[in-house]
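The values are calculated or read from the model by the stated rules, or taken from the named source; none is laboratory data. Quick caveat, the model's predicted, so the values are computed rather than measured. Positions of Cβ are backbone-derived with ideal geometry, glycine not excepted, and every protein chain shown enters the neighbour counts.
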């Protein structure tokens, strides 16, 4: 089968399309024949070595397809089931991949493979951010960075549906139009506006969801109301530099958290609950997923270049 592999950390050019033998599932595992593979920012962190993987390695943690083999002891799925997964192990950039049965979820009939691969990780991320990390409800104001991106588009719609006032932060006028169309109440274009100054003029945010990292961290802190919460959940511009916790008190007794999806889906029951909540809002139409940008598996390096340049909107997938 065809698969993407890399032997050293680096830029997109380290990704190579190679022929490998399909792996056989072991105890508690299943093999999924992929129909679509999700491309996520965490994949770039693995590729560059920010989040190191043992090398040589495959890449990618998210895909959707059909179970074509199950290992001993698997009762959760059977051959022919439509499934998706987004928690690895790394190697989803391939025609098929072996994953743990207790880390996969069954796809409802109304959700196709490309939509599942485009939004499972991003949608479950939006779900824990809005429903668990902070209780988004009527009367609160949320700020969402990268609001035209994969997580951002879902989070804007979901936060509005929960009754929050949504401040969307984007980098261009084109992306501002997307955020407005999704229902954001206010849009800040970072290339022409001071993020924190505009946020304070709007009354500040109770919670800021920041996936950008280094470049926006201080602006995010300065956008919060006193005792507000900064949720730093990504490093698109690089990791946040060290700072003194005293800064949080100086800026208004602020709270800071650096969550990750794995802790919010640590058990199979937590995973199923999170996925079910996501599938529910998708099937009801409360949250809509834009048609993902599609690349061939062999174009994984190009997909990474486009993603890292922030030239894309919405989700990216690879077609095996």
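Under the condition of being surrounded by fewer than 20 Cβ atoms within 10 Å (Cβ to Cβ) and either over 16 Å from residue 171 (Cβ atoms) or at pLDDT 95 or above (or both), the residues counted in the stretch 207-232 number 6.
In the stretch 265-279, the residue that is nearest to the chain's Cα centre (by Cα) out of those that are exposed (fewer than 12 other Cβ atoms within 10 Å of the Cβ) and not in a helix (DSSP H, G or I) is 266. Being free of Cβ contacts under 8 Å to residues at least 24 places away in the same chain and part of a strand (DSSP E or B), is that true of even one residue in the stretch 222-229? So far as the stretch 222-229 goes, no, none of its residues is free of Cβ contacts under 8 Å to residues at least 24 places away in the same chain and part of a strand (DSSP E or B). Does residue 315 satisfy being surrounded by 15 or more Cβ atoms within 10 Å (Cβ to Cβ), without any contact (Cβ under 8 Å) to a residue 60 or more places away in the chain and under 22 Å from residue 87 (Cβ atoms)? The answer is no for residue 315. The conditions of being surrounded by fewer than 14 Cβ atoms within 10 Å (Cβ to Cβ), under 30 Å from residue 10 (Cβ atoms), out of contact with any helix residue (DSSP H, G or I) (no Cβ under 8 Å at 6 or more places or on another chain) and touching a residue at least 40 places away in the same chain (Cβ under 8 Å) are met by residue 262.
Do we find that residue 136 is over 15 Å from the mean Cα position of the chain (by Cα) and part of a loop (DSSP other than H, G, I, E, B) in this structure? Answer is yes for this residue. The criterion of at least 3 residues that are surrounded by 20 or more Cβ atoms within 10 Å (Cβ to Cβ) is met by the following strands (runs of 3 or more DSSP E) wholly inside the stretch 1-113: 2-6, 29-39, 63-70, 82-85, 96-100. Only residues that are surrounded by fewer than 24 Cβ atoms within 10 Å (Cβ to Cβ) and either part of a helix (DSSP H, G or I) or in contact with a strand residue (DSSP E or B) (Cβ under 8 Å, 6 or more places away or on another chain) (or both) were counted across the stretch 159-171, and they come to 4. Considering 282, 297, the condition of being within 29 Å of residue 5 (Cβ to Cβ) and either modelled with pLDDT under 95 or surrounded by 13 or more Cβ atoms within 10 Å (Cβ to Cβ) (or both) is satisfied by 297 alone.
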